[in-house]
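Enquirer: Below is the structure I would like to discuss, written out as structure tokens.
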Amino acid sequence: MYPAVIEEYVRPTTVEDAVDVLGRYPGGEAIFLAGGQSVMQAIKSRMMRPRCVIDLQDISSLKGIAVNADGIRLGAMVRYVDIVRCAELPPAYAALRDAAQHVGDRQVRNRGTIGGSCCWNYLASCLPATVLALGGTMMLLRQDGHRREMAVDDFLIGPLETARGDDEILTAIHFKAATRTGSAYQKWGLLKDALPVVGVCVKVSLDGDGRCIAARISLSGLAAGAQRAPGGEIVLVGSAGETGIIEKAFAMIAEQVDAQSDQWANSAYRQQLIRTLGREVATRAFGRARGES
Amino acid sequence: MELTNEIRIRAPRERVFAALQDPIILRQAIPGCETLEAISPTEFTATVSAKIGPLAATFKGAVSLSDINPPASYSVSGEGKGGPAGFAKVRAQVNLLADGDETVLSYQVKADIGGKLGQLGGPLVDRTAQKLAGEFFQKFEILVGEPSKIALPSGPPVRRRPRLWFTGAAIVFALIWYLANH
Amino acid sequence: MVDNTRDSVSWLGARLARKEDLRLITGQGKYIADMVLPRMLHAIFVRSDYAHALIKGIDITEALALPGVVAIITGDEMRTHCKSMRQPVLTPNLPAKYPLYYGLAVDKVKFHGDPIAMIIARDKYVAEDAAELVVVDYEELPPILEPAEALKTGSPKVHEEEADNLMFEMTFTGGTTPEEQQNHAVEVEKIFQAAEIVVGAEFRVHRTGTTPMETRGVLADWSNSDGLLVYNTTQRPHIDRLAFADVLDIPAEKVRVIAPRDMGGAFGLKAPFYREGVVVAYAARKLGRPVRWIESRYESLMSIGQERGQVNTMEVAATREGKLLAVRNRGVADVGTGQIGVYWGFVMPFLGTVELPNAYTWEAGDISLKVAFTNKACLTPSRAFGHFPTRFAIERAVDMVARRCGLEAADVRRQNIIPKLPYTSVTGEYYDSGDFLKVWDNLMIQADLPAFRRAQLSARADGRYIGIGFGCGVELSGVASELMVPMENQPGYGAATVRLDPRGKAFVLGGDAPGGQGHETTISQIVAATFGINPEDIVITTGDTGVTPFGSGTIGARMGSYFASAVRKACDELREKITHVLAHDLGVRATMEEFAFTDGEVVYIRDTSKRKSFCEIVERIIMFPINLPEGEVGGLETTAFFEAAKPMICFNADMCTVEVDLRTGDFKVLKWLTSEDVGNVINPMIVDGQMHGAIIQGLSNAIFEEFIYNDQGQQMTADFEHYKLATAADVPDIEITYASTPCPHTPLGTRGIGEGRPSAVSGALCNALCDALSPFNIEITELPIRPNVIWQKLKAAGAVT
């Protein structure tokens, strides 16, 4: 399977040059190529037929992980392998490493990017759901120079759909600094490290007594794509991460979600996975929030 | 794929029935519809283009109505071809019940998606159908009668179980469009 | 027989690094996609989106008008200008329906992916652009998808010209006439009536098969003077050559087929003779330019690689002590359209049914098979040719007997494994040699079943569920003409040309094309050992019909059995001549056995001062052939043929242990242990590799891989996201042990191995899972087996809430 005609391929060195190209190809006819791990398949199968491909590999301002008092900033072109190697990743955002470490395989992790994954927002992808639970802020730059930021909850609309305009580029994702906070992610799929049947991400913040003051839970792999599970979040708040409470939270989530049946699992099995994964993930998140390794 | 649902439209049954077969209304209500022609009172052809996220396609569909029982019910069957992307075949049964000035429209739809769309579409299929049906009914209701008193979301449904009246089981036209979204 | 005192032992049995590997891992391999000829054009197929439809019209005007498109061929043209694909050389001698078909679909499409046109363009991109512009007017027909439905009276037909959808039917036991078979069935029924133990189930195995790393490719070139040259990813170039000649009506001497030296895996998938090759060759002839087609992965998953797909309704009668008495089986195979020669889809289930009795003694069997046409891609051979489903059924049935008797499944096997060979099974399959019990006992010593049972009890007390399972398999070691001729209308002998050159180097030519199994290395070791030279001094050429002797192909583990034996025979003929001349030159009366070929020299063992370097004596015979003994002429080249007296087999046994997580049904293989009889081993590393690959394929087939057709006949698994292959992280470490018996029928005591090897895997795995979950009485009678399936069973059994 070979691509349809691509009129132009450009490889700018600044993000301004990159969005500039969009001016010549309105309406999404120019597409950004990050790691290419999803987009290349779509182009080769001709499900996407861009007139122009804008390759982001040479734009250094889109790369790099910066950790400071404010929090962490990940450039949109940060690769999975970069996240795994980032020694300064705080326990609040350890879920990013959990997820990145097990995407696809080594080749995929050397190429795929967090920005690309979030902008593609495939329903089973790990990173969008992880960023959702972690409460990231998405930074966008428009072709006319206008910059804006939005909460990831508003950015992720549904499978393959985000709030990024055709004339915008995602430049970075920002996570606020957080104390006494821990997160974790785990998925289950038939093959190791492949796109999951279901994935669960949990982030909890604790007060000085170890009680949960805020919780965010997200799921990947369901038909509606990366989604929060507010019903379960409420249950965790006020708890100290007791097993019984965690189980109750995920039993409720399993009950409430719209879990599809397909060749890999029926909805009952997906619900069971939510319960079993949720228990492990939430337990680990609480442990990390408490500073346990 | 099978979809069954029931929705309420704030317009009298006779008007709804007629509007459902009116090419002018349909052409405006169907998202991404570029052309829609009635070849006969019971046969339509349409070309629809649409996008979901980064994916776009153009579909050529042909649909025919049968078992027409105004203003109560009719059947629809048709096929949309998306060239190399594949095709979809649809069979639907539409029933209208009068409820005062309003109409309760119920439908059962069976759709078979084939070719690359069917193979790569997967779970996106149902969701897109729902979304498109939702958009169709939004526009259709505006065209046909008074706008609904319930606030319509400004965008497509977001990650929660869509409310019943908004949930799409797509009428056949909607299904032709949803294919375009892959 | 191996004569170790004369051979350079260091090469036979040496773990020599493969000669192939350096070029393969440095990008110097020569695959079909590397091959370019001047003025070459690119071809792509347009394929049906429908499982079953009439072709009302094909409009190619827009496609043909696209700049860069050279020609478009449709089915009508193939029907008019070529013969059909149903040629004697491609058709078995078995009584079946062989529905006519051509290079492209004509009038009707019969499966999702049926090729209806081929586009030839200046490059592959334009070709695909043009493919999108072809407009086909289809009139859809309801697809016929369920074999049971397809076989019912009055079912709509997949092939209109045939009487019905029953492609093939045969009873494999108890006589040749219906009356004899009926009587036999009655006798077997009596055994069942009287038996203390009867177990049975409907064993269902899904459509799964093989996906080599390299897809298919064909590069055809035509010249009016030389005729047709085809580079083809094929295991069977000599058969292909005859087929091209017959279908395209070209005199046979004007056809040459070359399998590229490097192929990225075949596994049986590259053994059939495919329509696509015919259309490509036809196009090359029509256009007078080379045409190349490289199959896309999507195409490959859609249209080939699918095998297994059987339902075996099996019953086993046994005594309370676990002695197996009789097996009764009704098999139904779904072969799709059945239109891919040589195998026509049904030869696989045919052979699988022949091999059903496995390694056990049976008093009687009542075994029959029905094969149905459906609107799906035709089955193509896959490693464990045909018997993956029957092996699954029999191995599970044996465990069911053990369970019913309250005995260890391992003990039931030991009790019933054929104690002495040769042996003829109830289906008439001949097992030539081997010591099955030795293989089994070797496995059991290492398995240490009592220790496992103690560990299992202790684990259960901790709420952990572990289990142990066994399986075994008798596999073909090559395919004798006795079986090949009726089954495939083709011979089974091995053939090899060995040519020595004046510099003391050796050239081996063989007609069977390898898919990457390391034949070059193995054969080099044999030749090196025979002549006392270095494997580096030997060049192996395979797969070119212009220069190699006729070979049926690399199928059914023919290399270690037939080809290797033919090589050895040819080498021995040359050694005979060399020693005859050398003895004459040295002035001694001596036979071949009195000379040692070692370290580059030929040495008279009775007086080691009498010796000559291999190079010198070889050069002398080829270049300076004077003063030769009476009756000898110069030159050192010969072609030898090897046919075993009877069909040969090899044998293997598997043990695995698993742990199951009740909460999710997830399971992990803790240990996989094997015991093999592979005869004498030339290169243990290559043989180990064969075993690893086979077991991994067996696991991947049993757990992950499944070809799915939906209720509209749409093939839903045409990419690796949907057709999942095991990765290295998904499979266990495998411990391979050997308990071999040299084969008495081959010159080196070797057996062909590796082809049938995957088939015992699914039984062993499922037996272990059932053993782990035995407190819950879980039975597994269907594949694929996956965590979600296990969890559903546990839920149904009330083991989990």
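The values are calculated or read from the model by the stated rules, or taken from the named source; none is laboratory data. As the structure is a computational prediction, the values presented were derived from the model and not from experiment. All Cβ positions, even for glycine, are placed from backbone atoms using ideal geometry, and neighbour counts span all protein chains on display.
Enquirer: Within segment C:509-528, is there a residue that is surrounded by fewer than 24 Cβ atoms within 10 Å (Cβ to Cβ) and part of a strand (DSSP E or B)?
Expert: yes
Enquirer: Going through segment C:79-122 one residue at a time, which ones are touching a strand residue (DSSP E or B) at 6+ places or on another chain (Cβ under 7 Å) and among the small types (G, A, S)?
Expert: C:A96, C:A105, C:G113, C:A117, C:A121
So that you can scan it fast, the table gives a plain yes or no per residue for (1) in contact with a Lys or Arg (Cβ under 9 Å, 6 or more places away or on another chain); (2) touching a residue at least 12 places away in the same chain (Cβ under 8 Å); (3) surrounded by fewer than 15 Cβ atoms within 10 Å (Cβ to Cβ):
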site: A:E7; (1), (2), (3): yes, yes, yes
site: A:P12; (1), (2), (3): no, yes, no
site: A:V15; (1), (2), (3): no, yes, no
site: A:V19; (1), (2), (3): yes, yes, no
site: A:G23; (1), (2), (3): no, yes, yes
site: A:Q37; (1), (2), (3): yes, yes, no
site: A:I43; (1), (2), (3): yes, yes, no
site: A:R46; (1), (2), (3): yes, yes, no
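Enquirer: Would you mind stating whether A:G225 is assigned to a helix (DSSP H, G or I) and either at pLDDT 95 or above or more than 14 Å from chain C (Cβ to nearest Cβ) (or both)?
Expert: No.
Enquirer: Let me ask something additional. Which of the residues that make up segment C:209-242 are among the charged types (D, E, K, R) and within 25 Å of C:F720 (Cα to Cα)?
Expert: Matches in segment C:209-242: C:E214, C:R216.
Enquirer: Condition test on B:S49, is it small (G, A, S) and either over 18 Å from B:G115 (Cβ atoms) or surrounded by 18 or more Cβ atoms within 10 Å (Cβ to Cβ) (or both)?
Expert: The answer is no for B:S49.
Enquirer: Moving on. Just one of (1) among the basic types (K, R); (2) part of a loop (DSSP other than H, G, I, E, B); (3) surrounded by 15 or more Cβ atoms within 10 Å (Cβ to Cβ) trips up C:K612, so point out which.
Expert: So the condition that C:K612 fails would be (2).
Enquirer: Within segment C:693-702, can one find any residue that is assigned to a helix (DSSP H, G or I) and over 17 Å from C:G754 (Cα atoms)?
Expert: yes
Enquirer: Could you please find all residues in segment A:248-272 being of a type in the set (S, T, Y), more than 9 Å from every other protein chain (Cβ to nearest Cβ) and assigned to a helix (DSSP H, G or I)?
Expert: A:S267
Enquirer: Among the residues in segment C:102-110, are any within 30 Å of C:V371 (Cβ to Cβ), buried (at least 19 other Cβ atoms within 10 Å of the Cβ) and within 13 Å of chain B (Cβ to nearest Cβ)?
Expert: Yes, segment C:102-110 has at least one match.
Enquirer: I need a count of the residues in segment C:692-718 that are within 7 Å of another protein chain (Cβ to nearest Cβ) and out of contact with any helix residue (DSSP H, G or I) (no Cβ under 9 Å at 6 or more places or on another chain).
Expert: 1
Enquirer: Looking only at residues in segment C:133-149 that are under 21 Å from C:D114 (Cβ atoms) and within 28 Å of the chain's Cα centre (by Cα), which one is surrounded by the most Cβ atoms within 10 Å (Cβ to Cβ)? Spell out the reasoning first.
Expert: To start, the set of residues in segment C:133-149 that are under 21 Å from C:D114 (Cβ atoms) comprises C:133-147, C:149.
When the remaining residues are screened for being within 28 Å of the chain's Cα centre (by Cα), the result is C:145-147.
On the way: C:L145: 20, C:E146: 14, C:P147: 22.
Once the filter is applied, the top-ranked residue is C:P147.
Enquirer: In the list C:E735, C:E755, C:E721, which residue meets the criterion of being of a type outside the set (S, T, N, Q), surrounded by fewer than 24 Cβ atoms within 10 Å (Cβ to Cβ) and away from chain A (no Cβ under 13 Å)?
Expert: From the options C:E735, C:E755, C:E721, the qualifying one is C:E735.
Enquirer: Take the conditions surrounded by fewer than 18 Cβ atoms within 10 Å (Cβ to Cβ), closer than 30 Å to A:V204 by Cβ, polar (S, T, N, Q) and without any contact (Cβ under 8 Å) to a residue 60 or more places away in the chain and apply them to A:Q57. Does it pass?
Expert: no
Enquirer: If the requirement is being under 30 Å from C:A397 (Cβ atoms) and either touching a Phe, Trp or Tyr at 6+ places or on another chain (Cβ under 7 Å) or assigned to a loop (DSSP other than H, G, I, E, B) (or both), which of these qualifies: C:R289, C:R330, C:R308? Walk me through how you get there before you give the answer.
Expert: Details: C:R289 fails: under 30 Å from C:A397 (Cβ atoms); C:R330 fails: either touching a Phe, Trp or Tyr at 6+ places or on another chain (Cβ under 7 Å) or assigned to a loop (DSSP other than H, G, I, E, B) (or both).
Going through C:R289, C:R330, C:R308 in turn, just one is under 30 Å from C:A397 (Cβ atoms) and either touching a Phe, Trp or Tyr at 6+ places or on another chain (Cβ under 7 Å) or assigned to a loop (DSSP other than H, G, I, E, B) (or both): C:R308.
Enquirer: Please go through segment A:203-253 and pick out each residue that is of a type in the set (D, E, K, R) and touching a residue at least 40 places away in the same chain (Cβ under 8 Å).
Expert: Scanning segment A:203-253 gives A:K203, A:R216, A:R228.
Enquirer: Considering only residues that are over 15 Å from C:D123 (Cα atoms) and either touching a Cys at 6+ places or on another chain (Cβ under 7 Å) or among the charged types (D, E, K, R) (or both), which ones fall in segment C:35-75?
Expert: Matches in segment C:35-75: C:R47, C:D49, C:K56, C:D59, C:E62.
Enquirer: Would you please name the residue that is farthest from C:V230 (Cα to Cα), looking only at residues in segment C:33-51 that are touching a strand residue (DSSP E or B) at 6+ places or on another chain (Cβ under 7 Å) and not aliphatic (A, V, I, L, M)?
Expert: Looking at residues that are touching a strand residue (DSSP E or B) at 6+ places or on another chain (Cβ under 7 Å) and not aliphatic (A, V, I, L, M), I get C:Y50.
Enquirer: Looking only at strands (runs of 3 or more DSSP E) that lie completely in segment A:87-164, which have at least 1 residues being among the hydrophobic types (A, V, I, L, M, F, W, C), within 14 Å of chain B (Cβ to nearest Cβ) and surrounded by 24 or more Cβ atoms within 10 Å (Cβ to Cβ)?
Expert: Working: elements: A:137-142, A:147-151, A:156-158.
Answer list for segment A:87-164: A:156-158.
Enquirer: Then there is this: Considering each residue of segment A:4-52, count those that are within 12 Å of chain B (Cβ to nearest Cβ) and not in a loop (DSSP other than H, G, I, E, B), and give that number.
Expert: 9
Enquirer: If you take the residues in segment A:236-293 that are under 23 Å from the mean Cα position of the chain (by Cα) and basic (K, R), which one is surrounded by the fewest Cβ atoms within 10 Å (Cβ to Cβ)?
Expert: A:R279
Enquirer: Would segment C:647-667 turn up any residue that is within 14 Å of chain A (Cβ to nearest Cβ), surrounded by fewer than 19 Cβ atoms within 10 Å (Cβ to Cβ) and not acidic (D, E)?
Expert: yes
Enquirer: Quick one: which residue in C:T153, C:T173 is away from chain B (no Cβ under 14 Å), surrounded by 23 or more Cβ atoms within 10 Å (Cβ to Cβ) and farther than 30 Å from C:G288 by Cβ?
Expert: Working: C:T153 fails: surrounded by 23 or more Cβ atoms within 10 Å (Cβ to Cβ).
Sole residue among the options that is away from chain B (no Cβ under 14 Å), surrounded by 23 or more Cβ atoms within 10 Å (Cβ to Cβ) and farther than 30 Å from C:G288 by Cβ: C:T173.
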